[in-house]
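Quick notes on the structure that follows.
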């Protein structure tokens, strides 16, 4: 697949990453996670698409609040500071990642942290349905069965050394693959071994699970399947296969 065409597939512009949030009450009042956001030169901090406690008991409200409002927001602030005054202020995230090796470690780490978390939140739901027929057929083609896919995904997430992510991607040959990345790297970056369009991801940094699961990363990964938003994953695949993927 030519590089230009690949970038068109992953061309998620600022608008897709920048849906403004709405003001929510504090935790004691309504357990709302949505906070009013403002644009910063084309990049926005998006509202969480559900309340902090929406994924309990699989992901607890305290972990969600800290993860979203401290860690994710922190990456966003550092990323926008790192690109201030540059052309990257109005460049889409996938376009930034396509040449991230040129932009320095601050953009790589904080841009990755900002973007990866957006994909992660959207990949989760208390009522995420089931894989579509097309998604399931692709999973069976590449991993023999849904259980086979889950086993391989579990292994990638469990064995990722230290902090990082596991991913289901559509690669440049339009095949499903499971990959893992360290720190805040992702499969759109030009520094990874296998590039592709992210369809599903799990955060395996300790801050994503330690309050509830302590050092039992495997228990957290198993619980993750209870809150996967298969509707979103299925739609991402449809768009990616047609060259219309926008996140």
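Since every read-out is calculated from the coordinates, none of them should be taken as a lab result. Keep in mind it's a predicted model, so treat the numbers as computed, not measured.
Taking every alpha-carbon pair under 8 Å whose residues sit at least 6 apart, the range 107-185 reaches a relative contact order of 31 percent. Using alpha-carbon positions, what is the distance between the centroids of the range 78-155 and the range 211-227, in Å? The distance from the Cα centre of the range 78-155 to that of the range 211-227 comes to 20 Å. What value does the range 101-197 have for Rg/Rh, both radii from Cα atoms and Rh as Kirkwood defines it? Computed over Cα atoms, the ratio is 0.98.
Extension gain, residue 142 to residue 242, is 34.1 nm, computed as 0.36 nm per intervening residue step minus the present C-alpha separation. Dividing the convex hull volume of the alpha carbon atoms of the range 133-241 by its residue count gives 98 Å³ per residue.
Note on residue 60 and residue 95: the extension gain reaches 9.2 nm, defined as 0.36 nm multiplied by sequence separation minus the Cα-Cα distance.
Relative to the current alpha-carbon distance between residue 69 and residue 225, full extension at 0.36 nm per residue lengthens the span by 53.8 nm.
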